[in-house]
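Remarks on the structure that follows.
The values are calculated or read from the model by the stated rules, or taken from the named source; none is laboratory data. Everything quoted here is computed from the prediction, not taken from an experiment. Cβ: placed from backbone, ideal geometry, glycine included. Neighbour counts: every protein chain shown. For accessibility, only protein heavy atoms count, side chains too; no ligands or nucleic acids. Shrake-Rupley method; radii C 1.70, N 1.55, O 1.52, S 1.80 Å.
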Amino acid sequence: MSELKKIRETKNLTQEELAEKSGISVRTIQRIEAGTTPKGYTLKTLAASLDVSEKDLLIAEIVKEEIKVEEISLTTENDDSLNVSLIKIINLSSLPLAWFPIANFLPPLLIMLFTKNKSQIVKQIISLQIFLAIISPIIFMLIALLKLGSESVLITMIFLVLANVYIILRNAYEIDKKKELCYRLNFSII
């Protein structure tokens with residue numbers, strides 16, 4: 001049952017009454033109650049007409065997306081258990097270029113392409129390294145532009161390299177023990 005239908009029924013409104021109150025056609029209300037996600041003007045108008053927040057009309061969709069994400073991670077963990085050693089190699093392959101953040105994602109990316117292991121955990125490893133490759137030069141340039149002195153630039157460079165090495169080693173440890181990543185992004189770049 002859609003959230004719109006639940007809310008409409010708790011307010012003791014028929015589809016026709018809601019259509020009249022909101023100015024949205026009965027057919028549109030029927031489509032939304034059948035599973036179409038309301039957007040833009042329709043979402044705002046229905047929320048205002050029912051005196052609820054827009055989130056309340058979308059809660060079921062958000063829950064469905066969270067369930068799908070959890071299902072994906074469970075299936076990929078099972079698939080990855082067969083290739084734990086390969087995943088550790090892909091993760092640790094970033095170490096030789098950890099001092100050069102712009103290229104630290106290239107070794108794991110190349111190994112992924114050659115081995116054709118495109119599992120979710122491998123994509124997360126590479127996405128994290130790409131993110132670090134983007135953010136490290138930005139942080140470095142900010143420190144350089146602030147003109148805090150050559151010592152602060154050197155300390156920032158060392159800190160960024162050590163942070164990346166720590167992330168790689170910590171993820172390797174977690175892959176070995178729990179077959180998952182300790183540090184990962186909430187999104188995938190690749």
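Of all the residues in the stretch 149-189, those that are polar (S, T, N, Q), over 20 Å from I125 (Cα atoms) and exposed (fewer than 13 other Cβ atoms within 10 Å of the Cβ) number 1. In the stretch 25-40, which residues are over 15 Å from L57 (Cα atoms) and open to solvent by less than 80 Å² (accessible area, probe 1.4 Å)? Hits for the stretch 25-40 are S25, V26.
So that you can scan it fast, the table gives a plain yes or no per residue for (1) open to solvent by less than 40 Å² (accessible area, probe 1.4 Å); (2) touching a helix residue (DSSP H, G or I) at 6+ places or on another chain (Cβ under 7 Å); (3) at pLDDT below 90; (4) not charged (D, E, K, R):
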| residue | (1), (2), (3), (4) |
| --- | --- |
| K68 | no, no, yes, no |
| E77 | no, no, yes, no |
| A103 | yes, yes, yes, yes |
| L113 | no, no, yes, yes |
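Here is the figure for the stretch 12-43: residues that are over 28 Å from the mean Cα position of the chain (by Cα), at pLDDT 85 or above and not hydrophobic (A, V, I, L, M, F, W, C) total 14.
For the stretch 125-139, filtered to residues that are in contact with a helix residue (DSSP H, G or I) (Cβ under 9 Å, 6 or more places away or on another chain) and in contact (Cβ under 8 Å) with a residue 60 or more places away in the chain, the residue that is farthest from F159 (Cα to Cα) is I126.
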